[in-house]
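**Q** I have a structure I would like to understand better, so I am pasting it below and will then ask my questions one at a time.
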Amino acid sequence: MRGVHIVFVNFSNHRSSEWSQAQISAAAVYGEIVDVPFPDVSVDAFDSDIKEMALEYVTAIINMNPTAVMCQGEFTLAFAVIAGLKRQGIMVLAACSERKVYEKSTNGITKKTTNFEFSKFREYVE
């Protein structure tokens, strides 16, 4: 009997190869991380386009039999995908990060740098 392939789907524009070790470890609890790039959504897209895209991605993700899915991207498509996955009983998560802003002034010029430090995954709930 073959083992079950356990998958954590990263449906976002942030490749897991660029994640911090803390985020990789947190995702690995749910299974092997598989990146599914979140598509660009045209500002000219109609509601029907969003519904069609959502159905396409929900179907593809369900076929991967995920334990959990991190979904983050353009809001209307993300909402439709999250709702579709949750209707199928799939756990959908968001990455929670702490925003840290650093300022450095040199010769009257202030440079601001913003870093996002991963804290945890949080499940989308109704």
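Derivation of every value follows stated rules applied to the coordinates shown; laboratory data play no part. Everything quoted here is computed from the prediction, not taken from an experiment. Note: ideal-geometry Cβ built from the backbone for every residue, glycine included; neighbour counts use all protein chains shown.
**Q** With both partners inside region 7-123, how many of the DSSP beta bridges are antiparallel, as a percent to the nearest 5?
**A** Around 50 percent of the beta bridges assigned by DSSP in region 7-123 are antiparallel ones.
**Q** Same structure, new question: Just to be sure I follow the rule: in region 7-123, considering lysines 8 or more places apart or on different chains, how many pairs have Cα atoms under 19 Å apart?
**A** The result is 5.
**Q** So what is the orientation-averaged projected area of region 25-116, using the convex hull of its C-alpha atoms, in nm²?
**A** The number I arrive at for region 25-116 is 8.5 nm².
**Q** If you take every residue apart from ALA22 with its C-beta less than 10 Å away from the C-beta of ALA22, what net charge results, scoring Lys and Arg +1 and Asp and Glu -1?
**A** 0
**Q** What does the helix-only formula give at 222 nm for the chain: each DSSP H stretch with n ≥ 4 adding -39500 (n - 2.57), the total divided by the residues, and the result rounded to the nearest 500 deg cm²/dmol?
**A** One gets -9000 deg cm²/dmol as the mean residue ellipticity at 222 nm.
**Q** Students often check this: by mean Cβ neighbours within 10 Å, which of 39-45, 62-68 ranks highest, and how do the rest follow?
**A** 62-68, 39-45
**Q** Oh, and also: For the chain, what is the relative contact order in percent, using Cα pairs closer than 8 Å and at least 6 residues apart in sequence?
**A** Relative CO of the chain lands at 25 percent.
**Q** Shifting gears a bit: Taking the Cα centre of the chain as origin, work out the dipole magnitude from +1 charges on Lys and Arg Cβ and -1 charges on Asp and Glu Cβ, in debye rounded to 20.
**A** 560
**Q** Test of understanding: what is the full-extension gain from PHE79 to THR106, defined as 0.36 nm times their sequence separation minus their Cα-Cα distance?
**A** 5.4 nm
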